[in-house]
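To start, the structure under review is shown below, and the notes come after it.
Each reported figure results from applying straightforward, stated rules to the coordinates on display, with no laboratory input. It should be emphasised that the depicted structure is a prediction, and the values quoted were computed from it without experimental measurement. Note that we place each Cβ from the backbone using ideal geometry, even for glycine, and neighbour counts take in every protein chain shown.
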Amino acid sequence: MRGFADVWRGEEAFRLEFIAFCISIPAAFWLGSSIFSVALLIVSVLLVLIVEVLNSAIEAVVDRIGEERHEMSRMAKDLGSLAVLLATLVPAIVWLGAIYAKLTGQIF
């Protein structure tokens with residue numbers, strides 16, 4: 001729970017993603033037609049939270065090492081941020097597919 005409190009207090013991006021996760025739960029039940037599709041929709045957003053927590057952990061370790069600028073520190077932080085960006089593509093694709101299926105009357 002301390003980890004959750006730390007990331008909640010220190011990372012605005014996590015707070016926004018957590019709110020999106022909470023909103024996604026009832027939306028997934030409305031959008032999905034099976035328990036599998038509902039779970040896929042929810043887990044796709046949960047993945048972003050997981051990657052955001054890992055990115056925050058990377059940033060904390062890099063900041064703990066020192067304040068001086070170093071190319072490897074920059075790279076570690078940038079790669080963590082890239083992981084978050086790539087992780088956001090997962091729910092974007094899954095949710096757009098589910099919305100398309102709902103609008104066209106297909107089963108998702």
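Residue by residue through region 38-49, which ³J(HN,Hα) values in whole Hz follow from phi under the Karplus form 6.51 cos²θ - 1.76 cosθ + 1.60 (θ = phi - 60°), with glycine and proline marked x?
4, 4, 4, 4, 5, 5, 5, 7, 4, 4, 5, 4
Hey, what did the chain get for relative contact order, percent, Cα under 8 Å, at least 6 apart?
Rounded, it is 29 percent for the chain.
Would you calculate a helix-derived [θ] at 222 nm for the chain, using -39,500 (n - 2.57) for each DSSP H run of n ≥ 4 and dividing by the full residue count, to the nearest 500? Walk me through the numbers on the way to the answer.
Working: 4 runs with 94 residues, N = 108.
Here the helix-only value at 222 nm equals -30500 deg cm²/dmol.
How large is ³J(HN,Hα) for each residue in region 89-97, as worked out from phi by the Karplus curve 6.51 cos²θ - 1.76 cosθ + 1.60 (θ = phi - 60°), to whole Hz, x for Gly and Pro?
Karplus values, whole Hz, x for Gly and Pro: 5, 4, x, 4, 5, 5, 5, 4, x.
In region 1-95, what GluC sites (Glu not before Pro) fall in a loop by DSSP, with at most 16 other Cβ atoms inside 10 Å? Write down the numbers at each step before the final one.
On the way: sites: Glu11, Glu12, Glu17, Glu52, Glu59, Glu67, Glu68, Glu71; in loops: Glu11, Glu67, Glu68.
Counting only loop positions with at most 16 other Cβ atoms within 10 Å, the GluC sites (Glu not before Pro) in region 1-95 are Glu67, Glu68.
With +1 on each Lys and Arg Cβ and -1 on each Asp and Glu Cβ, how big is the dipole of the chain about its Cα centre, in debye rounded to the nearest 20? Working shown, then result.
Details: 8 positive and 11 negative charges, 78 e Å.
The dipole of the chain has a size of about 380 debye.
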